[in-house]
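Notes follow once the structure below has been shown.
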Amino acid sequence: MAQITLVRHAQASFLEPNYDQLCATGERQARLLGEYWARRNVRFSRAWAGPNVRQMQTARLVEAEFRKLGRDFPELETMSELDEYAGDVVLRQGLPQLVEISQEALRMSRTFEDSKDPTERRRIFQQLFELVVGKWANDEVKISGAESWPEFCARVNRGLMQIANGVASKTSVVVFTSGGPIAVALQRAMDLSPTVTLQMTWMSRNASFTEFLHSGQRFTVSSFNATPHLDDESLLTYR
């Protein structure tokens, strides 16, 4: 069997003008992951990353720690299929539709706009985001210029199978991506329903890794959301 390890990117710049870059905490998370693997002489035969800056930065920081400790790390390959769904587009277009028909969405939106407390803003934003994305995934809000949830899942699955079919037996590869593609991989391995798959997109911690085994037609999960490298509770983040 071959092992495919999917890494969720480290913490990005949440609620900043440019979300798609790692914050200071995210950089530390990624370095700790690289150091953890390098000190344990973990070996990967190939490495891929999605096209987002936060995905590539995570991969590069992990690679840097391998190099620092004198360990080999494969040349990083980019794969567009590993991109996250367009959550910013979905929120930007979907929220105005929801506040017109949902008192709950209107209330949360106003609370978010009025709040000055960073912790409360993060909490309310996540609630709003989950609400809008859930409606989009169920085709209850119309988004132009972005793929649908089924199209997103199909795209990620194409990438996963391209990777799986190119991995030699008894080798290990690593993939730096986001919570959405990791949830799709779990759906493939565990035959999850669309609803549960969407719920799993919120579960992956930043810089966590999830391991899958592949052999022939078999694609199974062997670990989920592992963070043994993050022994400081303040580093356990979801956004």
For this session: Any chance you could check the Cα centroid distance between the range 171-239 and the range 20-66 for me, in angstrom?
Result: 16 Å
For this session: Quick one: which residues, 5+ away or cross-chain, put their amide H under 5 Å from the amide H of Tyr238? H built at 1.01 Å from N.
Result: Asn206
Exercise. Mind checking the dipole of the range 24-94: about its Cα centre, +1 per Lys or Arg Cβ, -1 per Asp or Glu Cβ, Debye to the nearest 20?
Worked result: 420 debye
Problem set entry | Cα-Cα pairs of the chain separated by more than 23 Å (percent) | 50 percent
Seminar exercise, completed: Among beta bridges assigned by DSSP with both residues in the chain, the antiparallel ones amount in percent, to the nearest 5, to 50 percent
Exercise. Quick one: if you stick a label point 7 Å off each Cα along the C-beta vector at Gln103 and Asp232, how many nm between them?
Worked result: 4.6 nm
Seminar exercise, completed: For the chain, the longest principal axis of the Cα atoms and the Cα long axis of helix 179-190 enclose an angle in degrees, to the nearest 10, of 70 degrees
Exercise. Relative to the longest principal axis of the chain, what angle (0 to 90°, nearest 10) does the C-alpha long axis of helix 118-137 take?
Worked result: 90 degrees
Exercise. With no solvent and one point per C-alpha, what does the Debye sum give as log10 I(q)/I(0) for the range 87-137 at q = 0.14, 0.22 Å⁻¹?
Worked result: -0.31, -0.74
Exercise. Helix 87-101 versus the longest principal axis of the chain: what is the Cα-based angle in degrees, 0 to 90, to the nearest 10?
Worked result: 20 degrees
Problem set entry | Projected label distance in nm at Arg60 and Ser115, using a 7 Å step from Cα toward the beta-carbon | 3.3 nm
For this session: At 0.36 nm per residue, minus the direct Cα-Cα distance, what do Gln21 and Gln127 gain on full extension? Give it in nm, one decimal, please.
Result: 35.9 nm
Exercise. What spacing in nm lies between the two simple spin-label points modelled at Glu77 and Asn157, each 7 Å away from Cα in the Cβ direction?
Worked result: 2.2 nm
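All of the numbers you see were taken from the coordinates with simple rules; none came from a lab. Computed from a predicted structure; not experimentally measured. Heads up, the Cβs are rebuilt from the backbone with ideal geometry, glycines too, and the neighbour counts pull from every protein chain shown.
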